[in-house]
Amino acid sequence: MPKYGMVIDLQKCVGCGACAIACKTENNTQDRADGQRFNWADFVYKEEGKFPNVKFAAMPVLCNHCTDAPCVKACPVKPKAMFKTPDGITMHNDERCIGCQRCQKACPYSSTDVDKDKAAYSVLSFNAHGGTTHPFYKDEKELIKDCTASGAQVAKVAGDMPPHRTLYKHPEYESVRRSGITEKCIFCEHRVKNGEQPYCVVSCPAKARIFGDLSDPGSDVSKALKAHNSVQLKNNKGELLKAGEKGTKPNVYYIRSYKAEAKKV
Amino acid sequence: MIRERLLHKALDRDAAVTVDRSRCLGMRLDGFACATCVDVCPAGAITTGDDIVLDADTCTQCMLCVSECPSGCFNGSKPDFYALASKLMRLGRSLSSPVLGCSGMPDRKAHIKGPCFGYLSYEHLIFLAFFVKDGFQVDLAGCVDCGNGFVKERIKERLDRIASYAFPGVAKRIILVLHEDELDYQDITYDRRGFFTVLKNATLSRTADLLDRQDKDVFSSAYSEKKLPFRRELLNKVLSSLSDKERKALTTNFYYTVGADNNCDDCFSCVGICPTGALKVGPGEASPRLAFSSALCSGCGLCSGFCINGSLRVEKGFWEDDPFSFSAVRR
Ligand code: SF4
Ligand code: SF4
Ligand code: SF4
Ligand code: SF4
Ligand code: SF4
C-alpha cells in the first residue's frame, strides 16, 4: 500500500499561486465567504523585519493528510464521513457528512471562522446549512447594470455551475459540494486513481510540488526528503513543528526554506 | 403462522419496510444509545452495529419499527397514509362507521385496507381521530389468527394513552373491534344526493393541504439533509387545525423543548447533528444565536448527547405559544 504525501520545495516555489488557482478550477471550489476560505490549496505569507530591511516568505498550504488525523477522530458519524484511505489520504464522504464542523475544530490547520480566529488559512471549509454553494453564479445582480453579465447569466450560458466546472465522478465526493457539509483537499484522488498527479502538482510552473509514495524509498518524495532537511507545519498560523515534535504527523513536508530579502544598500 | 406471514407479504408488496440509515440516531452519532427498533421488533429482523440492517426475509411487516423509531428511519407505510385518511373521511359522509381493515386478511370485510396495523403510531391515531370526525372502526378481530397478532395490544395501549392525555372524546371516535361479533359493517349505498356529496368531498379533500407533500430533495439519502419524521408532520397538521385549548393538550404531551445552559458557546455543531432541522443558526450577523422550533423537533435527544459542552437539555412538553416559529434557545 502506498502512503501518499507531498514535498514542497520552497526555493523553487515562486509564490505565484498557480497551484491555488489550479485547485480551484479542478475542484470547483467557491469564493471565500463568512469566515470560510474554500481554498483547498492556499498560502501562508510571512513578513519579518522593518522596512526597508524586510524578509518575505510564501508557503503553499493544503490538507496535511495527517497520519494521526484528529479530524477523523472527531467525526461522529458511522461509518465516519472523514476517514483515512488505506493509502493514507484523509478522505471525506459527502453523503454521510452531517456538517457538524467537529473536524474543523479538531484540525490544527483549520478554523470554523478564519477571520475571527485571525488564522492564515483553513484547510477545511464549511458550506452553510440551507445555504447555496457558488452564490456568485446564482446571483442575478450585474456588476455594472445593463453592461456586464451577472453570475447567474454566465452560469446559464455556460450550462454548468460553476461555469468552469470540472466534472468528475468519485464514489466519496461530488465535483461540486452541497450545502450543509464540510469540504477539503482529497489529494485529487480522482486523478491519482487514474495514475495522474494532483492538479496543483501538474500546474506548478516551478515544479516545486512533488507528490508520491512516502513508503517507497525510490519515489521522488522519499528521495527529496532524504536529500534535504524538512519541516512540517504545526498550525494554521504558520508555526512549524519543532525538531522531535510529532503533532498530528502531517504528511506534507517543506524543504529548502527560502526568504526573499530586501536590504538597504 | 408462517403461511399468514407469507400471505401478507404476497398481498401487500408495497408495504415492505425500507430503512433510511441517514436518519438513524446511532448512525449520525456513533455510540448514541438507541435500540428502540431492535427491542420492538418481535421477529428479530433488525440489527444495529456498523450499519442498521433490516433483514427482509425475517421481517413480518408488523410495522412496529415504523411506528416506534423516534427518527423516522423506517418508512413502510408512508406513501399511502394521506390517501387512506382522506378515503376514511369521505366514507364517513355516507356510512355511520367505516371499517379500516388489514390487507393481510383477504376474507374480512372492510371499506379500506392498509398494511398491518402496527404502523398506527400515536401520531397516526391522533391524526385519524381528529380528522375523521365521524369516527371509524379498526378491525382487529382477525388478529387472533395472525402471526402479527401482537400488534392488537399495542394499538389498544396507544389509544388508551391518547385518551388519558386529555383527548378522551376524540379518542372515542376510533372504535377498536376486538371480536368478530362487534364488527358493524355496512355496505356502501349511494342515493343521488349522497353520491354528489361524496364526489364533491372527494375533490375537496384531494386538493386539501392534507395532501401537500414536502419538496423532494435530490440528495435523498444524505445525512446532511433535514427531514421531518412523517409522524411529526402528522402531529403538526393536527395542531394547525386545533383550538387553543386543545393545542395546549397536544403541545404539552407530544412536543418538546430544547434548552441550553450558559456554557453553550453557539458553535452550532448541534445544527448539523439534528436530523430534522429543529435547530438552526438564528438571526444576528455579528453574533448569531442558536434557534429552535418545537414543531420540527422529534425529541430524539441527539443534540444533547452530542454537545461537547453538555449544554443542551431536551424536555418533554412545549409551553410557549407558537411551536412553529424559530426562537432563540432558552438559556
Ligand atoms: S490537516 Fe486537518 S483536515 Fe487534513 S488530515 Fe490533518 S487534521 Fe485532518
Ligand atoms: S462536519 Fe462532516 S466530516 Fe466533519 S466531523 Fe462533522 S460529519 Fe464528520
Ligand atoms: S504553483 Fe508552484 S511555484 Fe507557484 S505557488 Fe504553487 S507551489 Fe509555488
Ligand atoms: S429506533 Fe430508529 S434511531 Fe433508534 S436505533 Fe432503530 S433506526 Fe436507529
Ligand atoms: S432538536 Fe435535538 S431532540 Fe429535537 S429533533 Fe433535533 S436533535 Fe432531536
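A short reminder: the numbers here are calculations on the coordinates, not readings from a lab. Owing to the predicted nature of the structure, the values given are computational and were not obtained by experimental measurement. Positions of Cβ are generated from backbone atoms using ideal geometry, with glycine treated the same way; all protein chains shown enter the neighbour counts.
Estimated from helices alone, the mean residue ellipticity of chain B at 222 nm is -9500 deg cm²/dmol (sum of -39500 (n - 2.57) over DSSP H runs with n ≥ 4, per residue).
Sorted from greatest to least, the principal axis extents spanned by the alpha carbons of region A:4-260 come out as 56, 53, 37 Å. Between B:R93 and B:V144, the FRET efficiency estimated from the beta carbon spacing at R0 = 41 angstrom works out to 0.80. As a quick test, which of the pairs B:K113/B:K152; A:K12/A:K223; A:K55/A:K226; A:K84/A:K184; A:K237/A:K263; B:K87/B:K172 have an alpha carbon distance above 23 angstrom in this structure? Those over the limit are A:K55/A:K226; A:K237/A:K263. Between 0 and 90 degrees, the angle of helix B:2-11 with respect to the longest Cα principal axis of chain B falls at about 80 degrees.
The residues A:K105, A:K46, A:K242, when put in order of fewest to most other Cβ atoms within 10 Å, stand as A:K242, A:K46, A:K105. For region B:100-170, the convex hull spanned by the alpha carbon atoms encloses 83 Å³ per residue. Between amide H atoms placed 1.01 Å from N, distances below 5 Å from A:Y253 occur with A:M6, A:V7, A:I8, all of them 5 or more places distant or on a separate chain.
Placing +1 on the Cβ of every Lys and Arg and -1 on the Cβ of every Asp and Glu, with nothing else charged, gives region A:4-260 a dipole about its Cα centre of roughly 660 debye.
Estimated purely from DSSP H runs of n ≥ 4, each contributing -39500 (n - 2.57), the mean residue ellipticity at 222 nm for chain A is -4000 deg cm²/dmol once divided by its residues. Restricting the calculation to Cα atoms, every distinct pair contributes to the Kirkwood radius of region A:82-134, found to be 12.4 Å.
Taking the DSSP bridge list for the protein assembly as shown and keeping only pairs wholly inside it, about 75 percent are antiparallel.
Report, to the nearest 10°, how far helix B:244-254 tilts away from the longest principal axis of the Cα atoms in chain B, using its own Cα long axis and a range of 0 to 90°. The helix B:244-254 is inclined about 70 degrees to chain B. What FRET efficiency, computed as 1/(1 + (r/R0)^6) with R0 = 22 Å and r the Cβ-Cβ distance, is obtained for A:K193 and A:S230, rounded to the nearest 0.05? E(calc), rounded to 0.05, equals 0.25.
For region B:123-129, putting each phi into the Karplus relation 6.51 cos²θ - 1.76 cosθ + 1.60 with θ = phi - 60° gives couplings of 5, 4, 5, 4, 4, 5, 4 Hz, in residue order, rounded to whole numbers and with x for Gly and Pro. Scanning residues 5 or more positions from B:L290 or on other chains, those with amide H under 5 Å from its amide H are B:G282, B:V329, with H placed 1.01 Å from N in the peptide plane.
Electrostatic tally near B:L290: other residues with Cβ closer than 11 Å to its Cβ, Lys and Arg +1, Asp and Glu -1, net +2. Note down the magnitude of the dipole of chain B about its Cα centre, charges +1 on Lys and Arg C-beta and -1 on Asp and Glu C-beta and zero elsewhere, to the nearest 20 debye. Charge dipole of chain B: 820 debye, to the nearest 20.
Here the Kirkwood formula, the inverse mean of 1/r across different C-alpha pairs, assigns region B:243-328 a hydrodynamic radius of 13.2 Å.
Here each label is just a point 7 Å from Cα along the line to Cβ, and for A:K242 and A:K55 those points are 1.8 nm apart. For A:L240, the residues whose modelled amide H falls within less than 5 Å of its own, excluding neighbours fewer than 5 places apart on the same chain, are A:K234.
Between B:R289 and B:I188, the simple spin-label model (points 7 angstrom out along Cα→Cβ) gives 5.4 nm. 3J(HN,Hα) couplings calculated from phi for region A:184-189 with the Karplus curve 6.51 cos²θ - 1.76 cosθ + 1.60 (θ = phi - 60°) are, in sequence order, 6, 4, 10, 6, 6, 4 Hz; Gly and Pro show x. Check every DSSP H run in chain A and write down those whose alpha carbon atoms cover 15 angstrom or more along the long axis and whose mean Kyte-Doolittle hydropathy is -1.0 or greater. Helices passing the filter in chain A: none found. As a proxy for reagent exposure, ranking B:H111, B:H179, A:H65, A:H129 by other Cβ atoms within 10 Å from fewest up yields B:H179, A:H129, B:H111, A:H65. Each part gets one Cα centre, and for region A:10-79 versus region A:132-179 those centres are 23 Å apart.
Considering only Cα atoms, the convex hull volume of region A:152-236 works out to 177 Å³ per residue. Against the main long axis of the alpha-carbon atoms of chain B, helix B:192-207 sits at an angle near 20°. Our compactness index for region A:212-265, the C-alpha radius of gyration over the empirical 2.2 N^0.38 Å, is 1.41.
Taken along its principal axes, the alpha carbon cloud of the protein assembly as shown reaches lengths of 108, 56, 50 Å, longest axis first. Neighbour counts of C-beta atoms inside 10 Å place B:R90, B:R161, A:R165 in the sequence B:R161, A:R165, B:R90, starting with the fewest.
Quote the convex hull volume per residue of chain B, based on C-alpha atoms, as a whole number of Å³.
Details: hull volume 48.3 nm³, N = 331.
Hull volume normalised by residue count: 146 Å³.
Converting phi to 3J(HN,Hα) with the Karplus coefficients 6.51, -1.76 and 1.60 and the offset θ = phi - 60°, region B:170-177 yields 5, 4, 5, 5, 9, 9, 8, 8 Hz in sequence order, with x at every glycine or proline.
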